[in-house]
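We did not get these values from a lab; they are worked out from the coordinates using the rules stated. This is a predicted model, so every value here is computed, not measured. Cβ: placed from backbone, ideal geometry, glycine included. Neighbour counts: every protein chain shown.
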Amino acid sequence: DVEAEVLAAVRSAISALGELGAQVSEVSLPHIAEAPAAVNAIMLPEALAYHHRWLAERPQDYGDDVRRRLEMGLLYPAVSYIEAQRLRSLIIEDWRERVFDGVDLLAAPTTPVAAPSLKEADLEATLTLVRFTNPFNLAGLPAVSIPCGFTSGGLPIGLQLVGRWFEEGTVLRTAHAYQQATDWHKRAPPGT
């Protein structure tokens, strides 16, 4: 589910990429529905392992939301971590063979929704915001987010460009070309 304004801005940005010479086609991403659970089963225990000592010795140095997320790492048994790593390997293999065979870049919304207010920025909102970026992080793909519009409420909308493994140059060149052809990166939100 993508908010209508986000979807419209991203579609417009993809059209602009087409005008710059990109051949645009739709692809499907195998295992994309399972990716968020795998990300959590890997990232949360790893983050807790990294921060475990500091979290025990200096919990006051962590915000409540960060501390809660780190403590969620305790909820994942080793078997879940291993299964998630296996899924990660399968995603990488399938995406290499079935998605990036003949495709140089993926273009997608950076987030499915506009940014929440600070009051709304709870764990659920955070998980929603990273839903479209985490699968690519899981797969180890290079990606960049660039401005492509604003919502009617003045919140920024991002276009995520995702490249093949170790092809950061393609991602950055495409982002640069888009920004040379548009001025979203120079605009301030309305009312600022």
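Under the convention that each Lys and Arg Cβ holds +1 and each Asp and Glu Cβ holds -1, the size of the dipole of the stretch 28-102 around its Cα centre is about 140 debye. Fully extending the segment from residue 32 to residue 47 would add 3.2 nm, taking 0.36 nm per residue of separation and subtracting the current Cα-Cα distance.
Close amide-amide hydrogen proximity is noted between residue 159 and 110, 146, 148, each under 5 Å apart and 5 or more residues distant or on a separate chain (H modeled in the peptide plane; Pro and chain starts excluded).
Spin-label model, residue 170 to residue 15: label points 7 Å out along the Cα-to-beta-carbon direction sit 2.6 nm apart.
Along its first, second and third principal axes, ordered by size, the stretch 83-192 spans 46, 36, 16 Å in Cα coordinates. A Cβ-based charge dipole, computed about the Cα centre of the chain with Lys and Arg at +1 and Asp and Glu at -1, lands at about 320 debye. Take the Cα of residue 67, step 7 Å toward its Cβ, do the same at residue 54, and the gap between the two points is 1.5 nm. The alpha-carbon positions of the chain define a convex hull whose volume is 140 Å³ per residue. Note on the chain: GNM, Cα springs under 10 Å; of 24, 66, 99, the largest mean-square fluctuation is that of 66. Counting charges near residue 85 (Lys, Arg +1; Asp, Glu -1) among other residues having Cβ under 14 Å from its Cβ returns a value of -2. Helix-only mean residue ellipticity at 222 nm, the chain, DSSP H runs n ≥ 4 weighted -39,500 (n - 2.57), per residue, nearest 500. What is it? Calculated from helices alone, the mean residue ellipticity at 222 nm is -15000 deg cm²/dmol. In a GNM of the chain with a 10 Å cut-off on Cα contacts, which of 81, 178, 50 has the highest mean-square fluctuation? Result: 50 has the largest fluctuation of those listed.
Which of 138, 118, 74 comes first, and how do the rest follow, when ranked by fewest Cβ neighbours within 10 Å?
118, 74, 138
Note on the chain: dipole from Cβ charges, positive end direction compared against 130, 172, 114; the farthest Cα belongs to 172.
Put in order of Cβ neighbour count within 10 Å, fewest first, the listed residues 43, 72 become 72, 43. Across q = 0.12, 0.26 Å⁻¹, the stretch 28-102 modelled as identical point scatterers on its alpha-carbon atoms has Debye log10 I(q)/I(0) values of -0.43, -1.09, in the order of the q list. Here the contact order of the stretch 27-102, divided by its residue count and restricted to Cα pairs under 8 Å and six or more residues apart, works out to 51 percent.
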